[in-house]
1. Which residues, taken from segment 111-128, are part of a helix (DSSP H, G or I) and either buried (at least 18 other Cβ atoms within 10 Å of the Cβ) or of a type outside the set (A, V, I, L, M) (or both)?
2. Looking at VAL216, VAL184, can you tell me which residue is farther than 26 Å from ASP13 by Cβ, outside any loop (DSSP other than H, G, I, E, B) and of a type in the set (Val, Ile, Thr)?
3. Does GLU11 satisfy the criteria of being closer than 25 Å to ALA111 by Cα, touching a residue at least 40 places away in the same chain (Cβ under 8 Å) and of a type in the set (D, E, K, R)?
4. Looking only at segment 188-213, how many residues end up being closer than 21 Å to GLY70 by Cα and open to solvent by 10 Å² or more (accessible area, probe 1.4 Å)?
5. Of the residues that sit in segment 26-59 and are more than 18 Å from the chain's Cα centre (by Cα) and either under 21 Å from PRO206 (Cα atoms) or free of Cβ contacts under 8 Å to residues at least 40 places away in the same chain (or both), which one is least open to solvent (accessible area, probe 1.4 Å)?
6. Which residue pairs have Cβ atoms under 7 Å apart, sit 6 or more places apart or on different chains, and have a first residue in segment 124-153 that is on the phi > 0 side of the Ramachandran plot and a second that is buried (at least 17 other Cβ atoms within 10 Å of the Cβ) and modelled with pLDDT under 85?
Amino acid sequence: MDEVVGPPVLELDGVSCRVPGRDLFAGAELSLGAGESVAVTGASGSGKSTLLMCVLGMAEPAAGTVRVAGADLYGMPERRRVRHRRDHVGMVFQFGELLPELTPVENVALAGLLGGQGRADAYGEAKSLLDELGVPTGSSPATDTLSGGERQRTAVARALINKPSLLLADEPTGSLDQEHRDSVAELLFSLPRSRDCALLLVTHDPAVARRADRQVAIAEGTLLPVAASKDRA
C-alpha cells in the first residue's frame, strides 16, 4: 500500500466494485493518513462516486476490505456501521445537499445534533465554524440566498461539526464558477493539516486535483497513481 503521512485513517485492501453488467474496478489498494489529501480522477462512469460510497459504508464492495479509523466497515453490523460513519466520516456533496428551509446555522447544527451533541454545543459550534469559513450568519439568512461558494462552505462546516477523521468530497467544486471553485478548493485542501483529518476528494477538474498531496486515477479497472504535480496556486 501507499506510504501515509499520519496514522492510517482509510485503507482499501483488494477492493472490487461492480454494477450490473460490468466491473468498475478490481483489487484497488489505497492508504490515506491523517494530514494527507488524495484526489481521485477518472472518466465519467469509471466508478469514482461508487468508490466514495464504498468508503462511506453505503455500497458494499464485491470483494476486499475497507477500513476507516482502524475498523472494517463491512465486517460490522449495519447499525454499528452507521454509528461509525457518524463518528468518523464527514461528506461534502457536489451541490451541498443543504435543506433550503433551514438557515446555514441550522443546517450545520442539525448534523451536530444527529451526532449526539447537545443543542447549545451544536448551535455554538455551528456558528463558530461558519464564522471561521466566512459564511454570513447575521439576521438568520436563508440558505437559498447564499452564493454558490457560501453554500459549499456551509456544506464543509456541516461535514466538520462532528470532528471527522476522514473527510470525503464528491465533485465539491463542480457546480461553481472559477473564483468560487478556487476558494472552496483552497479551503478543502487546507483541512487535513488544520483539522488533523484525511481528505479523499473526487473531481474531474485537473486544476483541483493538482492541489492534492497525491492523485490516483480509476483506469484500466483499478486505482493507478498519477505522477506528482502538486499545485497550491
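1. Taking segment 111-128 as the starting set, the residues that turn out to be part of a helix (DSSP H, G or I) are 111-114, 119-128.
If the condition is that a residue be part of a helix (DSSP H, G or I) and either buried (at least 18 other Cβ atoms within 10 Å of the Cβ) or of a type outside the set (A, V, I, L, M) (or both), then ALA111, GLY112, ARG119, ASP121, ALA122, TYR123, GLY124, GLU125, ALA126, LYS127, SER128 are the ones that fit.
2. Numbers: VAL216 fails: farther than 26 Å from ASP13 by Cβ.
None of the other options fit; the residue is VAL184.
3. Working: closer than 25 Å to ALA111 by Cα: no; touching a residue at least 40 places away in the same chain (Cβ under 8 Å): yes; of a type in the set (D, E, K, R): yes.
The answer is no for GLU11.
4. Our first condition is that a residue be closer than 21 Å to GLY70 by Cα; within segment 188-213, this holds for 191-193, 195-201.
Then keep just the ones that are open to solvent by 10 Å² or more (accessible area, probe 1.4 Å); that gives 193, 195-196.
Residues meeting the conditions: 3.
5. Here the residue is SER46.
6. So the pair list comes out empty.
The values are calculated or read from the model by the stated rules, or taken from the named source; none is laboratory data. Predicted model only: the values in this text are computed from it and were never measured. Ideal geometry is used to build each Cβ from the backbone, glycine not excepted, and the neighbour counts take in all protein chains shown. We work out accessible area using only protein heavy atoms, side chains counted, and drop any ligands, DNA or RNA first. Shrake-Rupley method; radii C 1.70, N 1.55, O 1.52, S 1.80 Å.
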